[in-house]
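Worksheet: one structure, shown below.
The values are calculated or read from the model by the stated rules, or taken from the named source; none is laboratory data. Keep in mind it's a predicted model, so treat the numbers as computed, not measured. Please note: Cβ atoms are built from the backbone with ideal geometry, for glycine as well, and neighbour counts cover all protein chains shown.
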Amino acid sequence: MPANPGAALGRRAILGGGAALLVSPALAASEVRLPFANGLRPLTKPGLFPGKQQMILQRVRAPLLETPWDVFRKHLFIPNDQAYVRWHIPDFPTAIDVGKYRLRIDGDVAHPFELTLDELAGKFPAHKQAAINQCSGNSRGLIEPRVAGAQWGNGAMYNAMWTGVPLAALLDRAGVKPGATHVAFHNIEELIEPIPPHALFYKVLPLARATDPSTMVAYEMNGANLPLLNGFPIRLIVPGWYATYWVKMLTRITVTTHPGTGFWMNPAYTIPDTPNGAMTPGQTGVKFVPINAMDPRSFFTSVTNGAHLPAHKPTLLRGFAFGGGSALAAVAVSADNGTSWKDAALGKDWGPYASREWSLSFTPAKPGPVRLLVRATNAAGAVQPMVAGWNPGGFLYNAIEHVDMRAV
Ligand SMILES: Nc1nc2c(c(=O)[nH]1)N[C@H]1C(S)=C(S)[C@@H](COP(=O)(O)O)O[C@H]1N2
Ligand SMILES: [Mo]
């Protein structure tokens, strides 16, 4: 952790380059097969995208890079150079001039103001918090029936330790006017080249969510500068909510009385206003609302499909889980397709919005096939379902994961 984060930002005047735009799948090192039809994807050569090691190449421009599953098997906090990447607008910036960079707070406030990056890091107390960034469409490739959009496996997420300034501290200094209801977030893309207003990646939060103590403007990820592709120099983080609100290269925060009608608020990134955001394909008359809090999820990391376990002997199973919109309450494993569940032990608690390790000793009763399921429950009582609910955006996927192995 640099002693003076402002200075650390200042040292890096220009970042990035055009590398991301020159990638062709032919430059990929190898391939990986994601667990659904048409799941074959190239793996990038390390360094092909600025600041990124080997990633699963979903799209070149605008980049969609998925974190390979092996990374989750090794790390609870995903290294910055392997954190997944998602951009919407092809001409997103490939260089940042940190000396000229400004963050502006305006709109329905008493005292609009502007900060340099040094002022942001130097004038407000630094706040640290672990939180998982997960794309609304993470695991979309697993949804049945299939829907359009990035066909991610489970790797469009990463747990990280964030350092920054609570958004409430910035809004307090600006003095939110009575009657304000929402806060809108702009990013540098609109300064780079003319983008039609309807296409701007412009996101809006309800005021209560914006002033929640966990919402913050982050300038460090895992104790280092944010990678360019993950939003250098600053981004919004909205712990517990899907990453679509985690606006990268944040430039302007506008307090407003409007919920926002830009394309990326509506119709994009909306979910059915039904239990678990589920509906049936073709159903009509469904009301849609902006996507919001995440659902609980849990994963195995110590075992994979096809593994052999010793029969009659204990194996320590391990994995990680998160609660989503509220803290993780429990993780349980089933060896009988969900008829009975055994609670796992939970590892260090990194805070309500972070990933947490779990472990459980398991002894196969006899040789033969073993299917294990893992299920998370959060503090609000949400439990992972056996089958994920369907919606046309392919959002909120959180079905119970399983591994098929053999006891020998
Ligand atoms: N400026 C900007 N911020 C953005 C986006 C974008 O396209 N532009 N995409 C959002 C979406 S939908 C996701 S899933 C996350 C991805 O964050 P990451 O690239 O750090 O993984 O960034 C969010 N913030
Ligand atoms: Mo996303």
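Observations on the model:
- The listed residue being among the small types (Gly, Ala, Ser), in contact (Cβ under 8 Å) with a residue 40 or more places away in the chain, within 15 Å of Thr163 (Cα to Cα) and outside the structural domain of Leu317 (by TED's automatic domain parsing), out of Ala110, Ala83, Ala121: Ala121
- Hey, Ala345 closer than 27 Å to Ala130 by Cβ and either buried (at least 21 other Cβ atoms within 10 Å of the Cβ) or among the aliphatic types (A, V, I, L, M) (or both) or not: yes
- Selection count where residues are within 16 Å of ligand 1 (Cβ to nearest atom) and either of a type in the set (S, T, N, Q) or in contact with a Cys (Cβ under 9 Å, 6 or more places away or on another chain) (or both), scope the range 81-120: 4
- Yes/no for Leu316 being loosely packed, with under 13 Cβ neighbours inside 10 Å and of a type in the set (A, V, I, L, M): yes
- Of everything in the range 280-291 that is of a type in the set (A, V, I, L, M, F, W, C) and surrounded by fewer than 17 Cβ atoms within 10 Å (Cβ to Cβ), the residue that is nearest to Ala321 (Cα to Cα) is Val289.
- Filter pass, Trp246 being closer than 18 Å to Arg86 by Cβ, buried (at least 16 other Cβ atoms within 10 Å of the Cβ), modelled with pLDDT under 95 and in contact with a strand residue (DSSP E or B) (Cβ under 9 Å, 6 or more places away or on another chain): no
- For Met249: the one exception among (1) more than 22 Å from Ala95 (Cβ to Cβ); (2) out of contact with any Asp or Glu (no Cβ under 6 Å at 6 or more places or on another chain): (1)
- Only one of the numbered conditions (1) away from ligand 1 (no atom under 13 Å from the Cβ); (2) surrounded by 20 or more Cβ atoms within 10 Å (Cβ to Cβ) is violated by Met294, and that is (1).
- Under the condition of being assigned to a strand (DSSP E or B) and either in contact with a Gly (Cβ under 8 Å, 6 or more places away or on another chain) or without any contact (Cβ under 8 Å) to a residue 60 or more places away in the chain (or both), the residues counted in the range 307-319 number 5.
- Lone unmet requirement of (1) over 26 Å from Asp212 (Cα atoms); (2) under 22 Å from the mean Cα position of the chain (by Cα) for Ala311: (2)
- All conditions in (1) aliphatic (A, V, I, L, M); (2) surrounded by 23 or more Cβ atoms within 10 Å (Cβ to Cβ); (3) within 14 Å of ligand 2 (Cβ to nearest atom) hold for Ala150, with the sole exception of (2).
Yes/no matrix, rows are residues, columns are (1) within 20 Å of the chain's Cα centre (by Cα); (2) modelled with pLDDT of 95 or more; (3) of a type outside the set (Gly, Ala, Ser):
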site	(1), (2), (3)
Ala7	no, no, no
Ala28	no, no, no
Gln53	yes, yes, yes
Ile56	yes, yes, yes
Arg61	yes, no, yes
Val71	yes, yes, yes
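- Residue check for Asp106: on the phi < 0 side of the Ramachandran plot, acidic (Asp, Glu), touching a strand residue (DSSP E or B) at 6+ places or on another chain (Cβ under 9 Å) and surrounded by 14 or more Cβ atoms within 10 Å (Cβ to Cβ): yes
- Qualifying positions in the range 203-222 - within 21 Å of Thr67 (Cβ to Cβ) and either of a type in the set (D, E, K, R) or over 18 Å from the mean Cα position of the chain (by Cα) (or both): Glu220
- Wholly enclosed strands (runs of 3 or more DSSP E) of the range 233-306 bearing at least 3 residues within 27 Å of Arg375 (Cβ to Cβ): 297-300
- The strands (runs of 3 or more DSSP E) located wholly in the range 26-143 that include 2 or more residues which are more than 16 Å from ligand 2 (Cβ to nearest atom) occupy 30-33, 40-43, 103-107, 113-115, 127-134.
- Members of the range 121-142 that are within 16 Å of ligand 1 (Cβ to nearest atom), of a type in the set (A, V, I, L, M) and under 30 Å from Ala37 (Cβ atoms): Ile132
- Condition check for Thr163: away from ligand 2 (no atom under 16 Å from the Cβ), among the polar types (S, T, N, Q) and over 30 Å from Pro213 (Cα atoms): no
- Taken together, the criteria place His75 among residues that are in the same structural domain as Tyr242 (by TED's automatic domain parsing) and free of Cβ contacts under 8 Å to residues at least 12 places away in the same chain.
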